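What follows is a set of notes on a single structure, which appears directly below.
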Amino acid sequence: MFMTTDILIVGSGCAGLYCALKLPNDKNITIITKREVEKSDSFLAQGGMCVMKSEDDFDSYYEDTMKAGHYENDPDAVKQMILESPKVLEDLISYGADFHRNEDGSLDYTREGGHHEKRIVFHEDQTGREITSKLYDKVRQLSNVKIYEFTKMVDLIVEDNICYGAVVRKPDKTFDTITADVTVLASGGIGGLYKQSTNWRNLTGDALAISMKYGIKLKHINYIQVHPTTFYTEDTYDRTFLISESVRGEGALIYDKNMNRFTDELAPRDVLTAEIRKQMKTDGTKHVWEDMRPIGSEELNSHFPYIVNHCREAGYNPEEECIPVAPAQHYFMGGIDVDLKGHTSCKCLYAIGETACNGVHGRNRLASNSLLESLVWGEQAAFDISNNPDKVADRAKGEELASALNMDDYAKDVDLSKRYREMVLNEIDRVNEAEGLEGIGIDIREM
Ligand SMILES: Cc1cc2nc3c(=O)[nH]c(=O)nc-3n(C[C@H](O)[C@H](O)[C@H](O)COP(=O)(O)OP(=O)(O)OC[C@H]3O[C@@H](n4cnc5c(N)ncnc54)[C@H](O)[C@@H]3O)c2cc1C
C-alpha cells in the first residue's frame, strides 16, 4: 500500500514547519520526521535570530555576513535573507513567539562574534525552542497538514531527473512509498556523523547521500563549521552541549591553562576555533576555560538560565568558577545546491534549511544567521511551489515507479545508514583533498 500527497516535506525543523505554514491551505501536505518533532536542531538554537533592525543596518549586516563567509557568499542570497528578515520576525511575533524586550516595550537585541551591531533577537538562551514550538503549534492547527513522527526517508523516487516522492521506513519498521507532486527536503545538518557535535544524533545527512545517488548537485560539501565553545566532557555518546556565542557577546572571556586571555573572544567562529586549537596544542590540554563571571550574576541567570543550569548539573557553578570548553562540529554551510527559491538541480525537488546550500553563508556562517536563513528559504520555496502549479511530477508515473520498487532492497536498514554515512564522509574527504584543505580535526571526527 502506498500513500500519495500534494507536497511531501522531509523534516520538521523550523524550515519544514514554516514552509508548511506558507503553502496554500488547499494543498494536502505531509511532513515526515525521523524522530519526535522536538528532536530537531531548531529546538536547540540558543543565542537568537539575526534581523535587520532598520534600513540603516543593511550595509553593516551585509558586510558582517560577507566577511564571516570570507566573501565566498552569494551576494544575492545574502541580500534576500537580510531584506526578508523584518517580515519573518513580524510573522513569528504574530504566531506568539516572545522575544526579550526593553522596559519601554521595544525589542532588545544581543550581539555575537563577527557582528558589529547588536541585531539578534532572543528568548533567554532558548530562542530556537521558542520559535519552533510556536511554528509547531500553528501547523497543528492546520487540517491540511499531517505530521508523521519516527518516519524516516530512506530513498527518493527519481527518474530522468524528476522527483516523484520518497521511500520511507515507518514506525513499525516496515517500508512504504509516499508519492508527491512536489518534494521538499528540510532534513537538517550532518552533526550525527561526528563524534563531537552539538547536533542531535539523528541528523546524519541522509538527504545528501540520497542526492548523490541520483546525481543531484551538491555544493561546498566540505564547508563545515566547528563551534569554538562547547562544554567539554569525556563522554561523547550524546551530543555536545553548546555554550552560546552570545555568552561571549555579553562579556565572557576565554583563558588558557594558566588562566590568561590569549585571543579576541568575539572573533568569527573559524578564527576563534583555530586560536583555541592552537592554544590547546601549546598547553597540551583537551580544553580551554571560559569565564562567565564578567557577565554578572543577574544577567547570567536571567539571559542564560538553560546554560547555567547545564553547567551546574555537570558540577560547575559559572557564577563562581570557569567552565571547560572545547571546539565541536556545529553547522553545515554546504549542502544540496539550490537557487534563491530553494529549487535543486532535480525537477519537483526543493531543499531548504541546513540541508541546502544557497550560498548565503559562504565558507563560514555568521552567528545567528541560520534560523533566519531556514525560515526565509522555507517561505521562498513555498511561494515558488504556489506560483508554479504546473511544475509538478506526474502522479500516474510516480505511482507506477513506486509500485515497481522492491521494499526488500531497504530491509537492511542499518547497512543502508552505514553506506549513506560513508558516502557523505568520503565525498567530504574527496573534496577537501581536491581543494588541498585539511578538513575537520580527527579529534572531532573519530567515532
Ligand atoms: C546547539 C545549537 C545551537 C544553535 N544556535 C543557533 C542560534 O542561536 N541561532 C541560529 O540562527 N542558529 C542556531 N543553530 C543552528 C540552527 O538551529 C539550525 O541551523 C536550524 O535550526 C536548522 O533548521 P532545519 O529546519 O534546517 O533543520 P533541523 O531543525 O535540524 O530539522 C531537521 C529535521 O529533519 C529530520 N530528518 C533528518 N533526516 C531525516 C530523514 N532521513 N527522514 C525524515 N526526517 C529526517 C529531523 O528529524 C528533523 O526533524 C544552532 C544549532 C545547534 C545544534
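Here are the numbers for this structure:
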item	result
Selected residue [within 12 Å of the ligand (Cβ to nearest atom), of a type outside the set (S, T, N, Q) and in contact (Cβ under 8 Å) with a residue 24 or more places away in the chain] from Glu159, Glu112	Glu112
Residues of the stretch 111-128 classified as under 14 Å from Pro305 (Cα atoms) and either surrounded by fewer than 23 Cβ atoms within 10 Å (Cβ to Cβ) or modelled with pLDDT under 95 (or both), total	4
Matching residues in the stretch 124-145 - criterion: being free of Cβ contacts under 8 Å to residues at least 40 places away in the same chain and either closer than 25 Å to Ser54 by Cα or touching a helix residue (DSSP H, G or I) at 6+ places or on another chain (Cβ under 7 Å) (or both)	Glu130
Options Gly378, Gly436, Gly359: the member that is part of a loop (DSSP other than H, G, I, E, B) and touching a helix residue (DSSP H, G or I) at 6+ places or on another chain (Cβ under 6 Å)	Gly359
Condition check for Glu234: surrounded by fewer than 22 Cβ atoms within 10 Å (Cβ to Cβ), in contact (Cβ under 8 Å) with a residue 60 or more places away in the chain and outside the structural domain of Arg111 (by TED's automatic domain parsing)	no
Selected residue (only one of Lys418, Lys412, Lys391 is surrounded by fewer than 22 Cβ atoms within 10 Å (Cβ to Cβ), in contact with a strand residue (DSSP E or B) (Cβ under 8 Å, 6 or more places away or on another chain) and modelled with pLDDT under 95)	Lys391
Criterion violated by Arg248 - all others in (1) more than 16 Å from Pro324 (Cβ to Cβ); (2) of a type in the set (D, E, K, R); (3) within 15 Å of the ligand (Cβ to nearest atom) satisfied	(1)
Residue within the stretch 14-25 that is more than 9 Å from the ligand (Cβ to nearest atom) and touching a Ser or Thr at 6+ places or on another chain (Cβ under 6 Å) present	yes
Residue match in the stretch 329-338 (condition: under 23 Å from Asn369 (Cα atoms), of a type in the set (D, E, K, R), modelled with pLDDT of 95 or more and touching a Ser or Thr at 6+ places or on another chain (Cβ under 9 Å))	yes
Members of the stretch 119-142 that are within 14 Å of Ala45 (Cα to Cα) and in a loop (DSSP other than H, G, I, E, B)	Phe122, His123, Glu124, Asp125, Gln126
Cβ pairs under 7 Å, 6+ apart, first in the stretch 366-380 and among the charged types (D, E, K, R), second assigned to a loop (DSSP other than H, G, I, E, B) and more than 9 Å from the ligand (Cβ to nearest atom)	Glu373/Val360
Any hit, the stretch 154-165, residues being farther than 22 Å from Leu405 by Cα and modelled with pLDDT of 95 or more	no
Matching entry among Gly251, Gly215 (being surrounded by fewer than 23 Cβ atoms within 10 Å (Cβ to Cβ) and assigned by TED's automatic domain parsing to the domain that holds His116)	Gly215
Residue match in the stretch 290-309 (condition: within 11 Å of the ligand (Cβ to nearest atom), in contact (Cβ under 8 Å) with a residue 40 or more places away in the chain and of a type outside the set (Phe, Trp, Tyr))	yes
Helices (runs of 4 or more DSSP H) contained in the stretch 1-118 and holding at least 2 residues farther than 17 Å from Ser374 by Cβ	58-68, 75-94
Selection status of Met407, at pLDDT below 95, of a type in the set (A, V, I, L, M) and either more than 23 Å from the chain's Cα centre (by Cα) or surrounded by 14 or more Cβ atoms within 10 Å (Cβ to Cβ) (or both)	yes
Residue list for the stretch 205-230, filter: farther than 26 Å from Pro268 by Cα and either more than 9 Å from the ligand (Cβ to nearest atom) or in a strand (DSSP E or B) (or both)	Leu208, Ala209, Ser211, Met212, Lys213, Tyr214, Gly215, Ile216, Lys217
Check on Asn202, outside any strand (DSSP E or B), under 22 Å from Tyr18 (Cβ atoms) and in contact (Cβ under 8 Å) with a residue 60 or more places away in the chain	yes
Flag if Gly189 is more than 17 Å from the chain's Cα centre (by Cα) and either modelled with pLDDT of 90 or more or basic (Lys, Arg) (or both)	no
Condition broken by Ile444, with the remaining ones in (1) in a helix (DSSP H, G or I); (2) in the same structural domain as Ile216 (by TED's automatic domain parsing); (3) modelled with pLDDT under 95 satisfied	(2)
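Condition check ((1) over 30 Å from Tyr164 (Cβ atoms); (2) buried (at least 24 other Cβ atoms within 10 Å of the Cβ); (3) among the small types (Gly, Ala, Ser)) across all residues:
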| position | (1), (2), (3) |
| --- | --- |
| Lys286 | yes, no, no |
| Pro294 | yes, no, no |
| Glu298 | yes, no, no |
| Pro305 | yes, no, no |
| Lys341 | no, no, no |
| Arg363 | yes, no, no |
| Leu371 | yes, yes, no |
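The values are calculated or read from the model by the stated rules, or taken from the named source; none is laboratory data. Source: prediction; values computed, not measured. Ideal geometry is used to build each Cβ from the backbone, glycine not excepted, and the neighbour counts take in all protein chains shown.
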